[in-house]
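Asker: First the structure, then my questions, so here it is.
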Amino acid sequence: MNRLLISFASLLLFSQSFYGYVNNEEASPNFMLSNSYGEEISLNSFKGKKVILEWTNHGCPFVAKHYKTGNMQASQSFALEEDVIWLSIISSAPGTQGYVSPEEANILTSTRNASPSHVLLDPTGSVGKMFDAKTTPHMYIIDEKGLMKYQGAIDDAGGRGFMFKDLLKAKNYVLEGLNELKAGKAVSSPITKPYGCSVKYAS
């Protein structure tokens, strides 16, 4: 019984600290990565604006569907209209699914009619691991003060039958979070379970 109580207490403390991180008690960690044009981009340089982080891998069937249906592009366009910075991050290691050169990243952006503010290359996976990014896609919203407001899935379409679902009719957690923040409200679903392919980190 004592062991059970200790385990429960440990889990409670972990949950409180984890949820506290998302609920504005700690700032999102800063990072610097090269974008697909060779420019060094720092997260802290966007203080004063909301920022969305999107972990992506064009070879992942889940990512491919979000782009093929236009769901990801529609989300990016909405963010752009709201003056939100959208950072697409590729943490696939060289030789793994989703790894691209800067030139290939730019071709993907163009051919998919995507509109991220920057495509950032993270071949070592250091930034992905810093944020504990697990899937592609895996989404994060950071507010104007650099505080984490949301992390998880882009929408509620994950699970059985994903490939047959209409993503444009799914509940988009990212857009919901942006609208709630714009209205001065707390994000109603600050953490959701991400779904998709695993991030292809270097082994």
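Asker: (1) in contact (Cβ under 8 Å) with a residue 40 or more places away in the chain; (2) surrounded by fewer than 18 Cβ atoms within 10 Å (Cβ to Cβ): which one isn't true of Asn71, the others all being true?
Answerer: Asn71 satisfies every listed condition except (2).
Asker: For segment 164-177, check the following and say yes or no: at least one residue is at negative phi and within 12 Å of the chain's Cα centre (by Cα).
Answerer: yes
Asker: Which residues, counting only those in segment 166-184, are at pLDDT below 95, surrounded by 12 or more Cβ atoms within 10 Å (Cβ to Cβ) and over 10 Å from Asp156 (Cα atoms)?
Answerer: Leu168
Asker: Additional query: If I filter segment 74-97 down to residues being touching a helix residue (DSSP H, G or I) at 6+ places or on another chain (Cβ under 8 Å), assigned to a loop (DSSP other than H, G, I, E, B) and not polar (S, T, N, Q), which single residue comes out as surrounded by the most Cβ atoms within 10 Å (Cβ to Cβ)?
Answerer: Among those residues, the one meeting the criterion is Val84.
Asker: For segment 140-161, how many residues are within 13 Å of Thr56 (Cβ to Cβ) and in contact with a Leu (Cβ under 7 Å, 6 or more places away or on another chain)? So that I can check it myself, show each step before the final result.
Answerer: If we filter segment 140-161 for residues that are within 13 Å of Thr56 (Cβ to Cβ), which is where we start, we get 140, 154.
Then drop every residue that is not in contact with a Leu (Cβ under 7 Å, 6 or more places away or on another chain), which leaves 140.
The number of residues fulfilling the criteria is 1.
Asker: Which members of segment 104-152 meet the condition of being buried (at least 17 other Cβ atoms within 10 Å of the Cβ), among the aliphatic types (A, V, I, L, M) and out of contact with any strand residue (DSSP E or B) (no Cβ under 7 Å at 6 or more places or on another chain)?
Answerer: Across segment 104-152, the qualifying residues are Leu108, Ala114.
Asker: Being at pLDDT 95 or above and either farther than 30 Å from Gly98 by Cβ or in a loop (DSSP other than H, G, I, E, B) (or both) is the filter here, so list the residues in segment 190-203 that pass it. Give the derivation first.
Answerer: As a first pass, look at segment 190-203 and keep what is at pLDDT 95 or above: 190-201.
Scanning segment 190-203 gives Pro190, Thr192, Lys193, Pro194, Tyr195, Gly196, Val199, Lys200, Tyr201.
Asker: Provide a single number: the residues in segment 117-140 that are assigned to a loop (DSSP other than H, G, I, E, B) and touching an Asp or Glu at 6+ places or on another chain (Cβ under 7 Å).
Answerer: Of segment 117-140, the ones assigned to a loop (DSSP other than H, G, I, E, B) are 117, 122-125, 131-134, 137.
Applying the additional criterion that residues be touching an Asp or Glu at 6+ places or on another chain (Cβ under 7 Å) yields 137.
Qualifying residue count for the region: 1.
The values are calculated or read from the model by the stated rules, or taken from the named source; none is laboratory data. Given the structure is predicted, the values throughout are model-derived calculations rather than measurements. Reconstructed Cβ throughout: ideal geometry from the backbone, glycine too, with neighbour counts over all protein chains shown.
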